[in-house]
Amino acid sequence: MAQQRRRQPRGSGHFACGIPALVTYSFQVTCPADHPLASRKHVLGRDLAAHGLVLLRRGSAIRDAVDLAFERLATDLSVVHETTQVHTLLGLVEAGLGISVLPSMLCPAPSHAAFAVRPLQQPSISRKLGLVFPAGREPTLAARVLADVIRQTVVSKALLTPPGVSKILDPVPPALR
């Protein structure tokens, strides 16, 4: 009888080796350009309680981060629509069916006139983004080359970052050189 391999739950691997963070990004409030919050320089979390929100479904990493941040403030949000796709979410926001909280890298560009994107404060939600490799194994040459190309692209002056995204210029660990 063949031995069956057990599948490990998603995210259960051990990843200890990685490039230090490449960018840090914050979550932003996204609303229609004619929404009352669009005229503000930033939006406070408590102000969101008065508006219907369009969020990604529960269980997504983005939604979990939003829920956790607002639970810590004991602020109840009024979620009027949930979806699994960012493009659907943005379509609902553009149609005026609610506002949203998204990572800055997923927000519409400032040139998109239908939307206003404002920094979320109190709570502010931010994350770091980098590359990781399985612990206990030396990254392959291909993985090291790819990591170097990604790092060089991120630190390049030619790479324009959206509002709410900052480059982090940490050195590369010796194992990845």
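The values are calculated or read from the model by the stated rules, or taken from the named source; none is laboratory data. What you see is a predicted model, and the numbers here were worked out from it, not measured in a lab. Cβ atoms come from the backbone with ideal geometry, glycine included; neighbour counts cover every protein chain shown.
Restricting attention to the stretch 84-105, does a residue exist that is of a type in the set (Val, Ile, Thr) and either loosely packed, with under 12 Cβ neighbours inside 10 Å or modelled with pLDDT under 95 (or both)?
yes
Taking the condition of being more than 18 Å from Ser166 (Cα to Cα) and among the hydroxyl-bearing types (Ser, Thr, Tyr), how many residues in the stretch 136-154 meet it?
Here the count works out to 1.
Across the stretch 39-55, what is the total count of residues that are outside any helix (DSSP H, G or I) and free of Cβ contacts under 8 Å to residues at least 60 places away in the same chain?
Adding up the residues that qualify gives 7.
Could you give me the residue pairs with C-beta distances under 6 Å whose first residue belongs to the stretch 56-75 and is part of a strand (DSSP E or B), whose second residue is not hydroxyl-bearing (Ser, Thr, Tyr) wherever it lies, and which are 6+ apart or on separate chains?
Once the first residue is part of a strand (DSSP E or B) and sits in the stretch 56-75, its partners that are not hydroxyl-bearing (Ser, Thr, Tyr) give Leu56/Ile62; Leu56/Arg63.
Within the stretch 107-122, take every residue that is under 30 Å from Ala74 (Cα atoms) and more than 15 Å from the chain's Cα centre (by Cα) and give me the one that is surrounded by the most Cβ atoms within 10 Å (Cβ to Cβ).
Looking at the filtered set, the residue picked out is Ala116.
Which one is nearest to the chain's Cα centre (by Cα), of the residues in the stretch 81-100 that are part of a strand (DSSP E or B) and within 15 Å of Ala33 (Cα to Cα)?
Ser100
Determine which single condition Leu131 fails, assuming it passes every other condition in (1) buried (at least 16 other Cβ atoms within 10 Å of the Cβ); (2) modelled with pLDDT of 95 or more; (3) farther than 24 Å from Ser39 by Cβ; (4) not β-branched (Val, Ile, Thr).
Looking at each condition in turn, Leu131 falls short on (2).
Please go through the stretch 26-44 and give me each residue that is within 17 Å of Cys107 (Cβ to Cβ) and either among the hydroxyl-bearing types (Ser, Thr, Tyr) or modelled with pLDDT under 95 (or both), ordered by number.
Ser26, Thr30
Check Pro123, Pro108 and return the single one that is in contact with a strand residue (DSSP E or B) (Cβ under 6 Å, 6 or more places away or on another chain), in contact (Cβ under 8 Å) with a residue 60 or more places away in the chain and in a loop (DSSP other than H, G, I, E, B).
Pro108
Does Glu138 satisfy being among the acidic types (Asp, Glu) and modelled with pLDDT of 95 or more?
Considered against the rule, which asks whether it is among the acidic types (Asp, Glu) and modelled with pLDDT of 95 or more, Glu138 comes out as no.
Would you be able to tell me the number of residues in the stretch 144-169 that are surrounded by 15 or more Cβ atoms within 10 Å (Cβ to Cβ), farther than 22 Å from Lys41 by Cα and among the small types (Gly, Ala, Ser)?
Final tally of qualifying residues: 1.
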